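Every number here is computed from the coordinates shown, using simple stated rules; none is lab data. What you see is a predicted model, and the numbers here were worked out from it, not measured in a lab. FYI the Cβ positions are ideal-geometry reconstructions off the backbone, even for glycines, and counts take in every protein chain you see.
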Amino acid sequence: MGGFFVFSSFQLRDVSSENDALKAQITAQSTSEQRLVLIKDRLKKVRTVKGLTSSQENLANFETLNASTGASVDLTEVDISPQKVDLSVRLDSNNELTSFMTALTGSSVFEKITLTSFGFNPVGGYLANIRLE
């Protein structure tokens, strides 16, 4: 009977150490799995960001156009997106308006130019909203 008790205690110790080893292995695999999930999530976000269109091309085109229009144009608002550039401008005189429109239509930077609104105020001058695509 004493031999059985000793044998059982050795067997219990072996099973207990195997159990501890398996617990450690499960913990290590759980940590590895969490890392893999985080890496997969990061890769998905990288693909999403890489797939976004950039406004850099329209920004560069606008800077080229802005350099050619002259200093008399008062840009009150500029909205640059990957698809378009929206401008709000104020011009003091008819001559400034004419030279601005000539520079705008003479430029080959944007394919489509749309005058979305136009107004005149005797005190403030000409106000125009323009979409460039």
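Mind checking whether some residue in segment 65-82 is of a type in the set (A, V, I, L, M, F, W, C), in a helix (DSSP H, G or I) and either under 17 Å from Asn129 (Cβ atoms) or more than 15 Å from the chain's Cα centre (by Cα) (or both)? The answer is yes, given that some residue of segment 65-82 is of a type in the set (A, V, I, L, M, F, W, C), in a helix (DSSP H, G or I) and either under 17 Å from Asn129 (Cβ atoms) or more than 15 Å from the chain's Cα centre (by Cα) (or both).
Contact map, segment 107-127: first residue over 11 Å from Ser93 (Cα atoms) and in contact (Cβ under 8 Å) with a residue 40 or more places away in the chain, second residue exposed (fewer than 15 other Cβ atoms within 10 Å of the Cβ) and β-branched (Val, Ile, Thr), Cβ cut-off under 7 Å, separation 6 or more or different chains; pairs are Val109/Thr64.
Looking across Leu43, Leu59, Leu22, one residue alone is in contact with a strand residue (DSSP E or B) (Cβ under 6 Å, 6 or more places away or on another chain) and without any contact (Cβ under 8 Å) to a residue 24 or more places away in the chain. It is Leu59.
So, of the residues in segment 114-133 that are among the aliphatic types (A, V, I, L, M) and crowded, with 17+ Cβ neighbours inside 10 Å, which turns out to be nearest to Thr64 (Cα to Cα)? So, considering only residues that are among the aliphatic types (A, V, I, L, M) and crowded, with 17+ Cβ neighbours inside 10 Å, the one nearest to Thr64 (Cα to Cα) is Leu132.
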